[in-house]
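Working notes, structure below.
All of the numbers you see were taken from the coordinates with simple rules; none came from a lab. This is a predicted model, so every value here is computed, not measured. Glycine gets a Cβ as well: all are built from the backbone with ideal geometry, and neighbour counts include every protein chain shown.
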Amino acid sequence: MRGRIEEGIDAADGIVDDGARIIAPEVDISTLDCRFSFPALQMHVFARAKCSAIEGFGRALHGIQDFYAHSNWADDAEPPFGPNNPPGLKRVDSPIFLDLRGENDISEQVPHNLSTGCFGGLFTDGPVGKAGHPLEPGSIDCTGRITHHTLNKDNGLIDQVTGNVSTPGPNTPRSDFPGNFQRAVTAAIKDSRRQWRHFRESIRRTYGPERGNIMICALVRDKPARDCYGRRVAILRDVVKTANRVAEMQIPIQKWLLEELANEPHDEGPGEGLTEQNSTKSRGSSDDLYRLHPSFDIDCDTQTSPDIGAAMAELVNHSTPLPNNKTAVVALTCARNPDLAEQIAHVWHAGDEGIRMHLGILPKKDQIPFGPRPREQTVLTGKIKEEDLITAVLRTGGTYSILHNREAIPRFIDHVISRGLTEYDNARDTATLLPIGLSISDYVEPESEPRRFSFDASYTDNVVIAVAPMTSKLALHVTVRHVRRNMVLSEQYIGLGGNSTFRAKLDIDDVPRTDAWFELEVAHADGDGLVGSGLFEVSIETESTGANAESNGEHRSGKEEHDEL
């Protein structure tokens with residue numbers, strides 16, 4: 001199954017070119033659906049890239065779903081136990097050994113009492129004394145053992161919308177035990193969602209968020225050469241006079257967004273518009289709505305803040321061919337004053353309209369935040385107002401970040417693209433890039449998926465990850481996992497027993513010379529007297545420990561970068 005996932009990821013490379021523009025013939029299914037008619041070849045090279053990517057993922061998903069249909073993982077059972085009635089594990093979690101991103105040996109992760117059933121003969125089982133007869137326990141190869149027939153829960157009826165089951169499949173004794181068929185289906189659905197999230201994250205990590213997001217867009221839409229293009233972005237900065245800038249671009253590209261932040265119309269290059277591979281024409285260029293400050297520098301000494309209300313009025317009241325779910329606001333500000341708190345209503349309005357809001361706050365030159373910052377540094381008109389603003393931003397699906405210095409602006413834009421510039425670009429369940437130089441606020445609640453962040457590290461790096469609750473009486477369960485090794489490196493509950501901050505350090509022993517892909521997961525934790533939902537803040541810093549670190553200046557901690565201001 002790992003191999004199938006890799007086949008799908010490899011095939012996705014053919015969906016877009018190096019500039020993240022869709023190669024139309026590789027995604028066109030308007031005249032001919034994907035046909036997986038060569039089972040002997042499986043991933044034949046003649047297929048369109050989109051079809052091959054779907055095939056690789058689909059064949060892996062078949063194996064994942066069969067695991068629950070053919071094993072005792074989710075089953076319940078009652079004594080007497082024996083080969084015809086093995087115990088059930090009654091598990092509701094997804095097995096760690098089926099994280100197909102891993103490259104580890106899974107033998108130590110498989111429970112000793114897990115059974116998937118002996119599959120007798122070539123394709124059939126047989127009853128005791130009648131070896132080879134299909135759909136009965138026991139055969140030439142499986143006599144006296146738990147068989148496929150004993151455990152399988154195949155061929156039942158499942159509602160495709162709700163996932164609820166009605167009639168178990170015929171001749172499936174394990175499905176006759178009350179609830180077993182539903183438990184297997186529910187577990188398979190849950191894990192299928194996990195695998196889809198992992199597949200998307202692997203594509204984004206392999207090809208970068210810019211190309212990866214467009215690849216995923218092409219996989220989930222029938223007409224990607226039309227539907228995956230077109231974004232409208234309001235760019236807001238602190239200047240002597242408040243200034244907004246609205247840009248239309250085909251796809252979210254970091255370089256283009258940085259050009260707009262620098263008060264320059266972005267250049268989409270010679271490949272823009274009608275080409276051999278892309279029939280989608282440009283939807284527009286930048287318009288100046290107000291007099292803009294001529295410099296990229298943001299003046300943190302003036303009492304100004306982005307005019308989100310004016311930007312929203314422009315985005316909502318001036319109709320364009322682009323829907324709101326392809327629209328975003330990106331704002332950079334130094335504001336620490338009541339004016340920013342007064343923008344909360346406008347940010348809330350953005351969420352109501354389906355417009356994502358991304359807010360980056362720059363420090364003043366005398367501030368040197370490192371990790372989760374002291375609360376007094378960010379007071380707007382009180383802690384409650386600050387949390388209200390952050391909640392409003394996160395409600396839109398965007399990101400609220402404190403930049404440790406101005407050199408972190410490009411990494412802030414990387415984070416924005418990873419989170420998804422607009423609602424159209426990335427689902428909220430996907431792990432977000434965690435770059436150095438940012439303190440990122442996020443939100444957890446009991447009924448939602450944990451918040452996940454991904455980062456890479458070199459074997460010459462020391463890495464420090466910090467997580468802290470912002471909401472009073474909020475408890476968190478924090479884990480750091482090495483994805484390829486499929487193992488937890490650090491785990492801690494914070495907000496319980498006096499622990500207020502999670503700090504994990506990864507050194508040379510934790511960061512291998514091979515693929516160093518890490519995942520930080522932050523989940524809500526229950527406890528007496530604790531709140532059910534709330535805000536937290538996360539940051540990461542790295543420091544090179546290599547032989548050439550000193551001569552090359554490869555120190556990347558927050559303090560060092562601040563010294564350069």
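Order of D18, D442, D66 from fewest to most other C-beta atoms within 10 Å?
Least to most surrounded, the residues fall as D18, D66, D442.
Counting Lys +1, Arg +1, Asp -1, Glu -1, what net charge surrounds D222 among other residues with beta carbon under 15 Å of its beta carbon?
Around D222, the surrounding residues sum to +1.
Within a 10 angstrom radius of the beta carbon, how do M487, M470, M1 rank from fewest other beta carbons to most?
By the 10 Å Cβ count, ascending: M487, M1, M470.
Using 25 Å as the Cα-Cα cut-off, could you pick out the over-long pairs in K90/K153; K326/K473; K50/K326; K223/K326; K326/K385?
The pairs that break the limit, which is 25 Å between Cα atoms, are K326/K473; K326/K385.
Using the number of other C-beta atoms within 10 angstrom as an exposure proxy, rank L530, L359, L114 with the fewest first.
Arranged by neighbour count, lowest to highest, L530, L359, L114 become L114, L530, L359.
Name the residues whose placed amide hydrogens come within less than 5 Å of the amide hydrogen of A525, ignoring near sequence neighbours (fewer than 5 apart) on the same chain.
Residues meeting the criterion, in which the H sits 1.01 Å from N, are A475, L476, H477.
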